[in-house]
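**Q** Sharing a structure here in structure tokens format.
Laboratory data are not the source of any read-out in this text; all were calculated from the coordinates shown. Remember, predicted model here, so these are calculated numbers, not experimental data. Using ideal geometry, Cβ is built from the backbone for each residue, glycine included, and neighbour counts are taken over all protein chains shown.
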Amino acid sequence: MQAFTSVRGVIAPLDRANVDTDQIIPKQFLKSIARSGFERGLFFDWRYLPDGRPNPDFVLNAPVYQKAAILVVRQNFGCGSSREHAVWALAQYGFQALIAPKISRENIHIPGFADIFRNNCAKNGILAVELDAPQVDEIFARIERHPGVEATVDLPGQTITLHDDKGRGFSFDIEPSLKKRLLQGLDDIAVTLSHRQAIAAFERRHDVWLPQKNGDRHKCQGFGQE
């Protein structure tokens, strides 16, 4: 997985809450056995009219947002099914960072991102940032005043800066372990392989028993060795 340090680019506004993964990448695009080409299906039902022409009313079809690298959305983005294809589509389209509001009041907590979607982002090198709702409201307002404004999302400093007339930034929190993984470009397999010496030492100390097709059990040393 590609490491994430920072990104500067146009920030596009998707002013919709509860956007589910079927809207991010509709089901008809899940037939592919490859992990590429999903950018075509991103927000397909919103990007295109029934006759196949681009929908002029959809924000990402505006010329100023077609090269956007950062997407700001409303709460509970990525809800619905757990399809990882939604994150692939966003990444292949060119988005490197997502921003959403977290809403907490009294006994109500609405996350910025659905849990599985957020985890899939981390596994594919996309930084999903949660800010307080008033901060996200301000970002939307500033984009409305300056369409096509660029922003910088900096992971080491944990800041978001809009490069408009205000120039003021926002700070965000992130779990230290997740921050490390993104900075170093470590997916789940890479994290496991980083412990290969400890795994090898464990295997040397313990016999590994693997079931055989005939129902017997065969004594092995190490995974995949007979």
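**Q** Using each residue's phi in the range 107-122, evaluate 6.51 cos²θ - 1.76 cosθ + 1.60 at θ = phi - 60° and report the 3J(HN,Hα) Karplus result to the nearest Hz, with x for Gly and Pro.
**A** Listing the rounded values in order: 9, 9, 9, 10, x, x, 10, 4, 4, 5, 4, 4, 5, 5, 4, 4 Hz.
**Q** What ranking do 43-53, 67-77, 107-117 get when scored by the average of other Cβ atoms within 10 Å per residue, highest first?
**A** Working: 43-53: 12.5, 67-77: 22.0, 107-117: 16.5.
Output ranking for 43-53, 67-77, 107-117: 67-77, 107-117, 43-53.
**Q** Shifting gears a bit: Residue by residue through the range 36-47, what is 3J(HN,Hα) from phi via Karplus (6.51 cos²θ - 1.76 cosθ + 1.60, θ = phi - 60°)? Round to whole Hz and write x for glycine and proline.
**A** Taking θ as phi minus 60°, the curve returns 9, x, 7, 4, 4, x, 4, 6, 4, 5, 9, 6 Hz for the range 36-47.
**Q** Run the paramagnetic zone check for Leu178: 7 angstrom along Cα to Cβ, then residues of the range 80-123 with backbone nitrogen under 13 Å.
**A** 98-102, 111-123
**Q** At what distance in nm do the modelled label points of Arg16 and Asp165 sit from each other, each positioned 7 Å from its Cα along Cα→Cβ?
**A** The modelled label-to-label distance comes out at 3.1 nm.
**Q** Moving on to the next point. From the phi of every residue in the range 71-76, what ³J(HN,Hα) in whole Hz does the Karplus formula 6.51 cos²θ - 1.76 cosθ + 1.60 yield, where θ is phi - 60° and glycine or proline is x?
**A** Karplus values, whole Hz, x for Gly and Pro: 10, 10, 10, 9, 5, 6.
**Q** Given the Cα-Cα distance of His146 and Ser81 and 0.36 nm per residue of separation, how much length would full extension add, in nm? Working shown, then result.
**A** On the way: separation 65, 0.36 × 65 = 23.40 nm, distance 3.45 nm.
Taking 0.36 nm per residue and subtracting the Cα distance, the gain is 19.9 nm.
**Q** When each pair of different Cα atoms in the chain is counted once in the 1/r mean, what is the Kirkwood radius in angstroms, to one decimal? Walk me through the numbers before you get to the answer.
**A** Details: mean 1/r = 0.0511 Å⁻¹.
Its Kirkwood hydrodynamic radius stands at 19.6 Å.
**Q** Right, here's the next one. Using the Cα centre as the reference, give the magnitude of the dipole from point charges on the C-beta atoms of the chain (Lys, Arg: +1; Asp, Glu: -1; all else neutral), rounded to the nearest 20 debye.
**A** 640
**Q** Taking a spot 7 Å from the Cα of Arg105 along the direction of its beta carbon, which residues of the range 139-169 have an amide N less than 13 Å from it?
**A** Flagged as within label range: none.
**Q** Could you please rank Thr159, Thr152, Thr21, Thr5, placing first whichever residue has the fewest other Cβ atoms within 10 Å of its Cβ?
**A** Details: Thr159 15, Thr152 18, Thr21 24, Thr5 12.
Starting with the residue having the fewest Cβ neighbours, the order is Thr5, Thr159, Thr152, Thr21.
**Q** I want to verify a result. In a Gaussian network model of the chain, Cα cutoff 10 Å, which of these has the top mean-square fluctuation: Lys31, Lys179, Lys166?
**A** Looking only at Lys31, Lys179, Lys166, the biggest GNM fluctuation is shown by Lys31.
**Q** On to the next question. So how far apart, in nm, are the two label points at Arg53 and Gln2 if each is 7 Å from Cα heading toward Cβ?
**A** It works out to 3.4 nm between the two label points.
**Q** Students often check this: by mean Cβ neighbours within 10 Å, which of 127-135, 169-177, 91-99 ranks highest, and how do the rest follow?
**A** Working: 127-135: 18.9, 169-177: 13.0, 91-99: 21.0.
Final packing ranking: 91-99, 127-135, 169-177.
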